[in-house]
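The values are calculated or read from the model by the stated rules, or taken from the named source; none is laboratory data. Just so we're clear, the structure is a prediction, and the values are computed from it rather than from any experiment. Cβ placement follows ideal geometry from the backbone for every residue including glycine, while neighbour counts extend to all protein chains displayed.
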Amino acid sequence: MAVEAVAACRYCTATNEELAPVMAHIADLDWTRVFLYGDQTHRGRCVVLFKRHARELFELSEEERAGFIREVALVAAAIAKAVPCDKLNYAGYGDRADHLHFHVVPKTQDGPAWGQPFILNAETPVLLDAPDQQEMLLKLKQFLQST
């Protein structure tokens, strides 16, 4: 991995405060940083970022990969407790954000994009007001700690 790739990666260099316009920090786990995504078209949508720079799952050691997937599952369990959902979707695109991360997205049968891939970037994003966002962050933190 080239040093330039890490230096240019905003997920490696940005502080939680610098990422706040796009996503709100929930917790740092052993292998990952967990954020509530700003667009809440799918209420409870989170992003799980691998802590060190990697682009692909196959770049991780077996221990890292197991830790990453275990923590994605912990986040999914916390989301399922925090918001009503019929299914969780998982996505790891990375075309424009060249850092290993998964979106964990709760979906409901009567909600947006049921039966289709979740809405990645809604034309009109749903933003939580400050009290709702704080409540969601607290729920997710609580459920992450109890999972």
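Looking at Phe102, Phe58, which is the one that is touching a residue at least 40 places away in the same chain (Cβ under 8 Å), farther than 22 Å from Asp129 by Cβ and outside any loop (DSSP other than H, G, I, E, B)? It would help to see each step written out before you state the result.
Values: Phe58 fails: touching a residue at least 40 places away in the same chain (Cβ under 8 Å).
Sole residue among the options that is touching a residue at least 40 places away in the same chain (Cβ under 8 Å), farther than 22 Å from Asp129 by Cβ and outside any loop (DSSP other than H, G, I, E, B): Phe102.
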Per-region count, the range 65-99, residues at negative phi and in a loop (DSSP other than H, G, I, E, B) | 11
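Let's see how each residue does on (1) of a type in the set (Gly, Ala, Ser); (2) surrounded by 14 or more Cβ atoms within 10 Å (Cβ to Cβ):
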site: Glu71; (1), (2): no, yes
site: Ala76; (1), (2): yes, yes
site: Asn89; (1), (2): no, yes
site: Gly115; (1), (2): yes, no
site: Ile119; (1), (2): no, yes
All but one of (1) part of a loop (DSSP other than H, G, I, E, B); (2) buried (at least 17 other Cβ atoms within 10 Å of the Cβ); (3) out of contact with any His (no Cβ under 8 Å at 6 or more places or on another chain) hold for Arg52, so report the exception by its number.
-> (2)
Name every residue in the range 61-85 that is more than 22 Å from Leu138 (Cα to Cα) and either over 14 Å from the mean Cα position of the chain (by Cα) or at pLDDT below 95 (or both), in order of residue number.
-> Ser61, Glu62, Glu63, Glu64, Arg65, Ala66, Gly67
Counting only residues that are outside any loop (DSSP other than H, G, I, E, B) and touching a residue at least 12 places away in the same chain (Cβ under 8 Å), which one in the range 126-141 is surrounded by the fewest Cβ atoms within 10 Å (Cβ to Cβ)?
-> Gln133
Here the residues within the range 5-40 that are farther than 20 Å from Leu60 by Cα, surrounded by 12 or more Cβ atoms within 10 Å (Cβ to Cβ) and of a type in the set (S, T, N, Q) are Asn16, Gln40
